[in-house]
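Report on the following structure.
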Amino acid sequence: MNKEQQELRKKSPVQIKNKKASFEYFFVEEYTAGIVLTGTEIKSIRAGKASLVDTYCHIINGEIWAKGINISPYFYGSYANHEAKRDRKLLLTRREINKLQEAEKLPGYTIVPTLIFIDQNGRAKVDIALCRGKKQYDKRQTLKEKEDRREIDRAIKHF
């Protein structure tokens, strides 16, 4: 991901993050995918009413699907409101899907959504990452590094 793409993500009015993913996994590769939405789902995302807790992706018949994304029903929706937790299709190129499919077959690797954001054209996008699971000692090391950064920030503020 280049700097220009990172700047666009920071400017996005909506950023729904999967904070637990960075604690549980090492990110090997990251991709940005479109997401197929129906009805009032985009309105709920723009309102920030979505969650990436316990989500993952899997590949079926050459298509990548996100399982467990919770997009709350739109408050002003009618009887035609969407279902909150359903499988949602992600849009990637054939080459990227094939690459992910091969990597997912390796032991210890999985595909996890890390961020939902709105791009400059008003479309919902999902950042997904090919991840390798962390061991317990890796998680302890991550917590230690986070605590050390906090200590340094506190020390800098006092001077």
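Just so you know, all these numbers are worked out from the coordinates, no wet-lab data involved. All values derive from a computational prediction rather than experimental measurement. Here Cβ is always computed from backbone atoms with ideal geometry, including for glycine, and neighbour counts include all displayed protein chains.
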**Message:** Within the chain, which whole H helices from DSSP have a Cα span along their axis of at least 27 Å and a mean Kyte-Doolittle hydropathy of -0.5 or more, if any?
**Reply:** none
**Fill in**
HN-Hα couplings for the range 41-48 via Karplus (6.51, -1.76, 1.60; θ = phi - 60°), in whole Hz with x for Gly/Pro, come out as 4, 5, 5, 5, 5, 4, 7, x
**Message:** I'd like the FRET efficiency for Lys105 and Val28, computed as 1/(1 + (r/R0)^6) with the beta carbon distance as r and R0 of 22 Å, rounded to 0.05.
**Reply:** 0.95
**Prompt:** Out of (i) 32; (ii) 20; (iii) 39, which label holds the value of percent of Cα pairs over 27 Å apart that was computed here?
**Reply:** (i)
**Prompt:** Just from its helices, what would the mean residue ellipticity at 222 nm be for the chain, if runs of 4 or more DSSP H residues each count -39500 (n - 2.57) and the sum is divided by every residue, rounded to the nearest 500 deg cm²/dmol?
**Reply:** -10500 deg cm²/dmol
**Overall form of the range 60-110 per C-alpha gyration tensor (a/c, 1.5; a/b vs b/c)** = prolate
